[in-house]
1. Tell me the net charge near Leu73. Cut-off is 15 Å between Cβ atoms, Leu73 excluded, with +1 for each Lys or Arg and -1 for each Asp or Glu.
2. Report the net charge of residues surrounding Gly61, where surrounding means a beta-carbon distance below 10 angstrom and charges are Lys +1, Arg +1, Asp -1, Glu -1.
3. Between Ile28 and Asp104, what's the calculated FRET efficiency when r is the beta-carbon distance and R0 is 30 Å? Round to 0.05.
4. Using DSSP, restrict attention to beta bridges with both residues in segment 37-108 and report what percent are antiparallel, rounded to the nearest 5.
5. With each pseudo-label sitting 7 Å past Cα toward Cβ, what's the Gln91-Glu68 distance in nm, one decimal?
6. Classify segment 19-89 from the C-alpha gyration tensor, please: rounded if a/c falls under 1.5, else prolate or oblate depending on whether a/b exceeds b/c.
7. Filter the cross-link list Lys49/Lys74; Lys71/Lys97; Lys74/Lys103 down to pairs whose alpha-carbon distance in this structure exceeds 18 Å.
8. Please identify every one of the chymotrypsin sites (Phe, Trp or Tyr not before Pro) in segment 14-110 that sits in a loop by DSSP and has no more than 11 other beta carbons within 10 Å of its own beta carbon.
Amino acid sequence: MKNERKNRINVVYSTNPDYNYEYFQEEIIETLPPEQQSLRVQYDSKQRKGKTVTLIQGFIGSENDLKELAKLLKNKCGTGGSVKDGEIIIQGEVKEKVLRILKDEHYRAK
């Protein structure tokens, strides 16, 4: 019952016994197939203490699928990386390698 109250939208309390509360619902993002994804690959070194990373942006889909793609790229590039704010960060200047891997996996990337 306590968790139920936390998920209510716009209403703290109602005296109407027939009032139907609205609740937060998690949006399930449908992951597009690789052929429909349009990814951008670029270098970045801003706010990274001079270290260069390769950014992959534009992925449309669930967080788990994004993490799975990041894991694949990190393994095939042999380097570290992470997923933050809907983009994949791969350590180092590996843009050409990432582009080749994405093309092999049938993603549209530039």
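1. Here the count lands on +3.
2. -4
3. Once rounded, the FRET efficiency stands at 0.60.
4. Here the antiparallel bridges make up roughly 95 percent for segment 37-108.
5. Roughly 2.6 nm, to one decimal.
6. prolate
7. Exceeds cut-off: Lys49/Lys74.
8. Of the chymotrypsin sites (Phe, Trp or Tyr not before Pro), the ones in loops of segment 14-110 whose Cβ has at most 11 other Cβ atoms within 10 Å are Tyr19, Phe24.
The values are calculated or read from the model by the stated rules, or taken from the named source; none is laboratory data. Bear in mind that the values here come from a model prediction, so they are computed numbers and not experimental data. In this analysis, Cβ positions are derived from the backbone assuming ideal geometry, glycine residues included, and neighbour counts consider all displayed protein chains. Ligands, DNA and RNA are excluded from the accessible area calculation, which covers all protein heavy atoms including side chains. Shrake-Rupley method; radii C 1.70, N 1.55, O 1.52, S 1.80 Å.
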